[in-house]
1. Rounded to the nearest angstrom and ordered from largest down, what semi-axes does the equivalent ellipsoid of the range 187-269 get from its C-alpha gyration tensor (root of 5λ)?
2. Show me the three semi-axes of the equivalent ellipsoid for the range 19-104, from the C-alpha gyration tensor (sqrt of 5 times each eigenvalue), largest first, rounded to whole Å.
3. Which of the three applies to the range 360-405, rounded, prolate or oblate, going by the alpha-carbon gyration tensor with a ≥ b ≥ c and a/c under 1.5 meaning rounded?
4. So, counting K/R as plus one and D/E as minus one, what does the shell of residues with Cβ under 10 Å around Arg219 add up to?
5. Restricting to the chain, compute how many DSSP beta bridges are antiparallel as a %, nearest 5.
6. What lysines could a cross-link reach from Lys311, if we take a straight Cα to Cα line under 27 Å and drop same-chain neighbours fewer than 8 places away?
7. Hey, what number do you get for the chain at 222 nm if only DSSP H runs of n ≥ 4 count, each worth -39500 (n - 2.57), divided across all residues, to the nearest 500?
8. Select one label from (i) 25.5; (ii) 21.7; (iii) 23.3: the one whose number is Kirkwood radius over Cα pairs in Å as derived from the coordinates shown.
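Read the figures in this text as sums done on the coordinates, not as results from a lab. All values derive from a computational prediction rather than experimental measurement. Positions of Cβ are backbone-derived with ideal geometry, glycine not excepted, and every protein chain shown enters the neighbour counts.
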Amino acid sequence: MNAPRLFLFDDRRARRWAPFTLTRPVGELLFGCMTLRERAERVFGTNCVGNVSRTALMGFDEPGAAPTIGLEEVGTTGLRVLLSSRTVPDFQTIELPSDRSRIFVGGEPAGWVLPDGAPLPSELWLREPGADLDSGPPFAITGQILGHPWDLIAHNDQRIETDIESLWGQDSGVQALHRVGTGVVSLADGATIEPGVHVDVRHGPIRLAEGARVEGPARLTGPLFVGAGSTILGGAVGSSSLGPVCLVRGEVAHSVLLGYVNKAHDGHLGHALVGRWVNLGAYTTNSDLKNNYRPVRVWTPEGERDTGLLKVGCFLGDHVKSGIGTHINTGTVIGTGSNIFGGSMPPTVVPPFSWGVGPDLRDHRLDQFLDTTARVMARRGQSLTPGVAKILRDAWHATAGRRAG
């Protein structure tokens, strides 16, 4: 049998995962030690051809990611797998059925297996897979389907631990560590931990990807994943996933940093989900626990939702920047491209591309934002691609009505 062609799709719920899906498909979010797309690729044994998502994300061409395509580009030839981007399949051996089948994960509809010549599901079914009541027998795989963006935080510790145990279970035998516990410390090629670093693996393992580096003195607490080319400059960092090329210092706990995040100074970041190309000024600190110890409520496009969780920090979209001494309240959502500064706490909902102090927010001028973005990316040897630049421009215009002006 020829290798299947894999496609991820953002259903109606995934498309509302603010603030991240304004500028990227859900499959490109980090969970555990890899993105949701990379996990699906590993399980199904083939590269993802494309992310089927909102029309506004067409042209998404971030290096290393799968492009965003239209449903019609999936076509009707060859064996195709259409999988919900919110799916987290367990590592398993999969033998795909030869007939048209509906994929179920944990009892929930999660996509389709389409043999050569089989028609595509409708756009309605793509947004609501459960609405497709009769398109073949069920094909069950083990795993979970994430319901909300805060699930990426709540379940991340266990996912890191499972990933490391399944993929890199061998300890690298690093010397000159102050080590507590018997958990695995795994280093990829070119990864280094300087002498004098304290490692606590009593509650989970640690994995450093290619070229990652930890400078002493620092304290690492597992489960922890440090992505390729990332550097921990010091502080207490643990129970988190750091994507590629992040600079991290200070206190970071139970957080997910998608990649190219600059947190090179002291300050607390806890139970946070941080987009790509975020820059946190010195002593930026977020709260992740309410003083009344009640579950945290978070803004979503459908209104406020009770997360049911006692600890939820903040959600920072791509290209967010904070000035020195910025304080961020529990459950705050800061939209893409925003620049907050001045030492006053911003509101718990900051519209995309906002600029200002505390609640006094104005437009972050589009020309200035794009110029700064290109400069920031050039410092890391990257460039603002035409597709992503268009998505950012369109997002700025599309969200203008949410800003004060």
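1. So the three semi-axes of the range 187-269 are 15, 14, 13 Å.
2. Three semi-axes, in Å: 21, 17, 11.
3. Oblate, since a/c reaches 1.5 and b/c is not below a/b.
4. -2
5. 25 percent
6. Counting by Cα, and skipping residues close in sequence, Lys311 has these lysines nearby: Lys263, Lys290, Lys321.
7. -4000 deg cm²/dmol
8. (ii)
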